[in-house]
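Structure record follows, encoded as structure tokens.
The values are calculated or read from the model by the stated rules, or taken from the named source; none is laboratory data. Keep in mind that this is a model prediction, so the values were computed, not measured. In this analysis, Cβ positions are derived from the backbone assuming ideal geometry, glycine residues included, and neighbour counts consider all displayed protein chains. Ligands, DNA and RNA are excluded from the accessible area calculation, which covers all protein heavy atoms including side chains. Shrake-Rupley method; radii C 1.70, N 1.55, O 1.52, S 1.80 Å.
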Amino acid sequence: MSQEFAIGSKVRVVALPPFVKTAEPMPMLRPPDVIHIGEEGIVLDRRPGGYWGIRFTRGAFLLDSQYIESIDKPTESDSK
């Protein structure tokens, strides 16, 4: 089961896919070196096929949840 992320939350890359897909109206495959393990980004939206649109410093890309993890800390009001 894929992990869910809130729109606007921060995520970190934990593994690189063989290729990354740009989050454009006409997506293009790019080599995985456009992002790096440990790079942080912001979730833009959820896409069909279990992909997440994520804004990184070098652009917006589509990644499956298996390649990212949430780095947002829950606030005290969320845990109560």
Hey, with R₀ at 25 Å, roughly what FRET efficiency would Ile71 and Phe19 work out to, going by the Cβ-Cβ distance, to 0.05?
0.55
Quick one: with all protein chains in place, what share of the accessible area of the chain is carbon or sulfur, to the nearest percent (1.4 Å probe)?
56 percent
Which of Ala60, Pro27, Pro17 sits closest to the plus end of the dipole of the chain, meaning its Cα is farthest towards the positive end, when Lys and Arg get +1 and Asp and Glu get -1 on the C-beta?
Pro27
Hey, in the GNM for the chain with a 10 angstrom Cα cutoff, which one of Pro27, Pro18, Pro48 fluctuates hardest?
Pro48
